[in-house]
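Notes to accompany the following structure.
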Amino acid sequence: MQINEKVYNQENDVTSEISIKHVIGFMLCILITSFSLWGAMYTSYTPKLLLYVLAAVAFSQAIVQLFNTQKRSEEKQTVYK
C-alpha cells in the first residue's frame, strides 16, 4: 500500500512541475509562428523575409521550451528513483 502511495505522489510531482507559464508560452510561440507564416504566404506585406524569420524564431523558441520542460521532468524523475 505504501509503495503505491509513493509512486502516485511521484507522478503528481512530475506533472505539477510543468507550470501553466510554460504551457502559455508554448501556445503563444505556436500562435506567433502560424500568424507570421499566414502573413508571409497570404498577404501583400512587402518584406516577407521578415515574417519568415519571425516564424523560424518563434518555432525554434517553442522547440527549446519543449526540450527544457522534458529535461526538467526527467531530472525530477531521476531524483525520485
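Some points to look at:
- Whichever residue in the range 29-45 is assigned to a helix (DSSP H, G or I) and hydroxyl-bearing (Ser, Thr, Tyr) and, among such residues, is nearest to Gln65 (Cα to Cα): Thr33
- Checking Gln65 against (1) touching a His at 6+ places or on another chain (Cβ under 9 Å); (2) modelled with pLDDT under 85, the condition it does not meet: (2)
The values are calculated or read from the model by the stated rules, or taken from the named source; none is laboratory data. Computed from a predicted structure; not experimentally measured. A quick note on method: Cβ atoms are made from the backbone with ideal geometry, for glycine too, and the neighbour counts reach across all protein chains shown.
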